[in-house]
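Asks: Input: one structure, supplied below.
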Amino acid sequence: MQILLVEDDRPLARGLQIALRKQGYAVNHVETGEACLHVVATEEPDIIVLDLGLPDIDGLKVLKKIRHKSMTLPVLLLTARDSIDDKVMGLDCGADDYLAKPFEVTELLARLRVLERRLGTVKSTQITIGDISLDTATQVVMQQNHELELSRKEYMLLKNLMENTGKVLTRSTLETRLYSWGEEVCSNALEVHIHHLRKKLGSDFIKTVRGVGYKVTQA
Ligand code: CA
């Protein structure tokens, strides 16, 4: 799950990044509306946490432009403004949710889980390949009626592969989905997750495409 955090308050942004990464989210951070729109156009984040008071473009304008590109990309607004009018305007512009500063990080996490679940149901839910089935709404992975215990990164990796069944996903694509920009990642981190997944799923479920990346295929 890749979150794009758009916030020009650096101490706040830093704190949020740490808290969100602890929960296993990949978090990328930008400080301007312009940068936000660039990332939305090029990297397809899963959820955007958008501050309304940005230094260059008003957050509501940024939101409208995001909606112009994607009607479904979840956007949670952060704002210092706490009037009913602002809330209504934000929701009218297509925000999915709204959090007034100051807020507790646990509150943000709760709201994100709701958006994440909604995302799961929009993209619909159960993917079954061979004897493995993965439910994006409940985030449960089953193998022959037996629930597999996966780490957050393992789950995200498997989800990406299964959502793209038959397609090869390159190493860099997978790393982009799994890690934040600038996150300290060992060069073989992806291989380590694949290795662990193969132990749990069986060795031939995820196929290596030598020199390119990985894929899963319908048998
Ligand atoms: Ca601000």
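The values are calculated or read from the model by the stated rules, or taken from the named source; none is laboratory data. Bear in mind the structure is a predicted one, so any value in this text is a computation, not a measurement. Positions of Cβ are generated from backbone atoms using ideal geometry, with glycine treated the same way; all protein chains shown enter the neighbour counts. Side chains are part of the model used for accessible areas, which takes the heavy atoms of the whole protein and leaves out ligands, DNA and RNA. Shrake-Rupley method; radii C 1.70, N 1.55, O 1.52, S 1.80 Å.
Asks: May I ask you to derive the FRET efficiency for V209 and A100 from their Cβ-Cβ distance with R0 = 45 Å, giving the value to the nearest 0.05? Before the final figure, lay out the partial values.
Replies: Values: r = 47 Å, r/R0 = 1.05.
Once rounded, the FRET efficiency stands at 0.40.
Asks: Next question, about the same structure. May I ask you to rank M142, M71 by accessible area, largest first, using a 1.4 Å probe over the protein chains only? Don't jump to the answer; show the numbers that get you there.
Replies: Numbers: M142 60, M71 145 Å².
In descending accessible area the options line up as M71, M142.
Asks: At 1.4 Å probe size, with every protein chain present, just tell me what the per residue accessible area of the chain comes to in Å². Don't skip to the answer; put the middle values down first.
Replies: Values: 11190 Å² over 219 residues.
Spelled out: the 1.4 Å probe surface of the chain, per residue, equals 51 Å².
Asks: Let me ask something else. List, in order, the whole-Hz ³J(HN,Hα) value for each residue of the stretch 165-173 obtained from phi through the Karplus relation with A = 6.51, B = -1.76, C = 1.60 and θ = phi - 60°; use x for Gly and Pro.
Replies: Values, residue by residue: 3, x, 9, 7, 9, 6, 4, 5, 4 Hz.
Asks: Calculate, in whole percent, how much of the Cα-Cα pair population of the stretch 126-215 lies beyond 21 Å. Display every interim value, and only then the final one.
Replies: Values: 1039 of 4005 pairs.
Of all Cα-Cα pairs in the stretch 126-215, 26 percent lie more than 21 Å apart.
Asks: Between L91 and T125, what length comes free when the chain is fully extended (0.36 nm per residue of separation minus the Cα-Cα distance, one decimal in nm)? Working shown, then result.
Replies: Values: separation 34, 0.36 × 34 = 12.24 nm, distance 2.61 nm.
Full extension from L91 to T125 adds 9.6 nm.
Asks: Once you compute Rg and the Kirkwood Rh from C-alpha atoms, what is the Rg to Rh ratio for the chain?
Replies: Details: Rg = 18.4 Å, Rh = 18.4 Å.
Rg/Rh for the chain comes to 1.00.
Asks: Please give the peptides 14-20, 24-30 ranked by average Cβ packing (other Cβ atoms within 10 Å per residue), highest first, as a rough proxy for protection. List each step's numbers first, then the result.
Replies: Details: 14-20: 16.0, 24-30: 20.1.
Sorting 14-20, 24-30 by mean packing, highest first, produces 24-30, 14-20.
Asks: Give the distance, in whole Å, between the Cα centre of the stretch 162-219 and the Cα centre of the stretch 1-72.
Replies: 26
Asks: Related question: Percent relative contact order of the stretch 126-215, based on C-alpha pairs within less than 8 angstrom and at least six residues apart? Can you show the working numbers first?
Replies: Numbers: 88 pairs, mean separation 24.1, N = 90.
That works out to 27 percent.
Asks: Of K22/K87; K65/K215; K167/K200; K64/K101; K22/K65, which ones are farther than 25 Å apart at the Cα?
Replies: Values: K22/K87 29 Å; K65/K215 34 Å; K167/K200 22 Å; K64/K101 21 Å; K22/K65 30 Å.
Too far apart for the 25 Å limit: K22/K87; K65/K215; K22/K65.
Asks: Where the accessible area of the chain is counted over protein heavy atoms with a 1.4 Å probe, how much of it, in %, is carbon and sulfur?
Replies: Values: 5710 of 11190 Å².
About 51 percent, which is the carbon plus sulfur part of the accessible surface.
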